[in-house]
Amino acid sequence: QVQLVESGGGLVQPGGSLRLSCAASGRIFSINDMGWNRQAPGKQRESVATITSGGTTNYADSMKGRFTISRDNAKNTAYLQMNSLKPEDTAVYYCNAKVRMTSLGSREIRTYDVWGQGTQVTVSS
């Protein structure tokens, strides 16, 4: 089955930078949109950024100018470059992707919204 694995999270000081990676693996026909999302304790999950297969990006207003989403289609991987990090950026960051794939026991190709397990980002001094 298709799997998304995030990496690159950790502890960083305010003003620092991190780059997250999201690698998709499995029997993938193609990947349409990919996105990064986050959820802080006590808050709803929110969209951080999205990117289409053609490279068109969209950002939440609070992230615009600080975060950059990109992708490498040959590697089925998306990235999130995070600069000027603030304590309020602390959250679990999740990758998701609209994956064209077959389901178990079927030859029909469908689009599935696949999510990774998340990676913790903590911004603190």
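The values are calculated or read from the model by the stated rules, or taken from the named source; none is laboratory data. Small disclaimer: the values here were computed from a predicted structure and weren't measured. Backbone-built Cβ (ideal geometry, glycine too); neighbour counts: all protein chains shown. Please note that ligands, DNA and RNA were not included when accessible areas were found on the heavy atoms of the full protein model with its side chains. Shrake-Rupley method; radii C 1.70, N 1.55, O 1.52, S 1.80 Å.
Of note:
- Taking the numbered list (1) under 22 Å from Ser125 (Cβ atoms); (2) touching a helix residue (DSSP H, G or I) at 6+ places or on another chain (Cβ under 8 Å); (3) open to solvent by 20 Å² or more (accessible area, probe 1.4 Å) in turn, Met82 passes all entries but (3).
- Residue-level check: of (1) surrounded by 12 or more Cβ atoms within 10 Å (Cβ to Cβ); (2) under 19 Å from Thr122 (Cα atoms), Gln44 misses just (1).
- Per-region count, region 95-119, residues more than 12 Å from the chain's Cα centre (by Cα) and either open to solvent by 50 Å² or more (accessible area, probe 1.4 Å) or in contact (Cβ under 8 Å) with a residue 12 or more places away in the chain (or both): 13
One line per residue, one yes/no per condition, for (1) open to solvent by 40 Å² or more (accessible area, probe 1.4 Å); (2) out of contact with any strand residue (DSSP E or B) (no Cβ under 7 Å at 6 or more places or on another chain); (3) β-branched (Val, Ile, Thr):
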site: Ser7; (1), (2), (3): yes, no, no
site: Gly15; (1), (2), (3): yes, yes, no
site: Ser21; (1), (2), (3): no, no, no
site: Trp36; (1), (2), (3): no, no, no
site: Gln39; (1), (2), (3): yes, no, no
site: Ala49; (1), (2), (3): no, no, no
site: Thr56; (1), (2), (3): yes, yes, yes
site: Phe67; (1), (2), (3): no, no, no
site: Arg71; (1), (2), (3): yes, no, no
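- Only a single criterion out of (1) of a type outside the set (A, V, I, L, M, F, W, C); (2) more than 21 Å from Ser125 (Cα to Cα); (3) more than 11 Å from the chain's Cα centre (by Cα) is not satisfied by Gly15, namely (2).
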